[in-house]
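So the structure is just underneath, and the comments pick up after that.
The values are calculated or read from the model by the stated rules, or taken from the named source; none is laboratory data. These figures come from a predicted structure and were not determined experimentally. Note: ideal-geometry Cβ built from the backbone for every residue, glycine included; neighbour counts use all protein chains shown.
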Amino acid sequence: MHRVVYFSNASLELTFPAIEAIVEKAAERNRPLQISGALHYNGLNFLQILEGPQQALMPLYLQIRKDPRHSGVVKLVHERILTRSYPDWGMRLFCGAPKCVGAPTGMSPGDTDLPAMINAFFGLGHTMAFAELR
Ligand SMILES: Cc1cc2nc3c(=O)[nH]c(=O)nc-3n(C[C@H](O)[C@H](O)[C@H](O)COP(=O)(O)O)c2cc1C
């Protein structure tokens, strides 16, 4: 089983319901492929964690890369794993932006490296948001 984590710039037009729709559809499509993971959104960027069999993961990642709803996709991690961080098949949404009313912001994946990366991601989002205000 493999894990891919990437970072991208979300399209500025994306509303929260549009992001929820991406995740709902993603979960439906991922389950039969035995792919699970999480999509983190900080108001500007996505950090997505995709986990599953490599033969299903790589075509999906290449497909997601091409999606015009985000840009500047950078792969941060590609590694072999023994256990899933988000064991339920599908896709979970975590959102740290004010426009995500009612969405969970917390995250507690079982893997030791991921929480630090995710915390850094949300920290970065805040920094960028502040920079924009100036
Ligand atoms: C940030 C982001 C994350 C996505 N994650 C997934 C995913 O986990 N699984 C999935 O099937 N599609 C995901 N999609 C949607 C795919 O890019 C693509 O639209 C979908 O697979 C349908 O492709 P098709 O319409 O060409 O068949 C994501 C899109 C974005 C913008």
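On the basis of being modelled with pLDDT under 95, part of a helix (DSSP H, G or I) and more than 14 Å from the chain's Cα centre (by Cα), does residue 122 make the cut?
So residue 122 does not fit the description; no.
Among the residues of the stretch 25-43, are any at pLDDT 95 or above and among the aromatic types (Phe, Trp, Tyr)?
For the stretch 25-43, residues at pLDDT 95 or above and among the aromatic types (Phe, Trp, Tyr): absent.
Pairs needed: first member in the stretch 22-50, over 20 Å from residue 96 (Cβ atoms) and without any contact (Cβ under 8 Å) to a residue 40 or more places away in the chain; second member anywhere, buried (at least 21 other Cβ atoms within 10 Å of the Cβ) and not basic (Lys, Arg); C-beta distance under 7 Å; at least 6 residues apart or different chains.
Short answer, once both residue conditions are applied: 33/52.
Which of the residues that make up the stretch 31-74 are of a type in the set (Gly, Ala, Ser), farther than 22 Å from residue 121 by Cα and outside any strand (DSSP E or B)?
Selection gives 56 alone.
Scanning the stretch 71-88 for residues that are among the hydrophobic types (A, V, I, L, M, F, W, C) and within 16 Å of residue 54 (Cβ to Cβ), which turns out surrounded by the fewest Cβ atoms within 10 Å (Cβ to Cβ)?
Looking at the filtered set, the residue picked out is 82.
How many residues does the stretch 37-65 contain that are near the ligand (Cβ under 9 Å from one of its atoms), polar (S, T, N, Q) and under 13 Å from the mean Cα position of the chain (by Cα)?
So the count comes out to 1.
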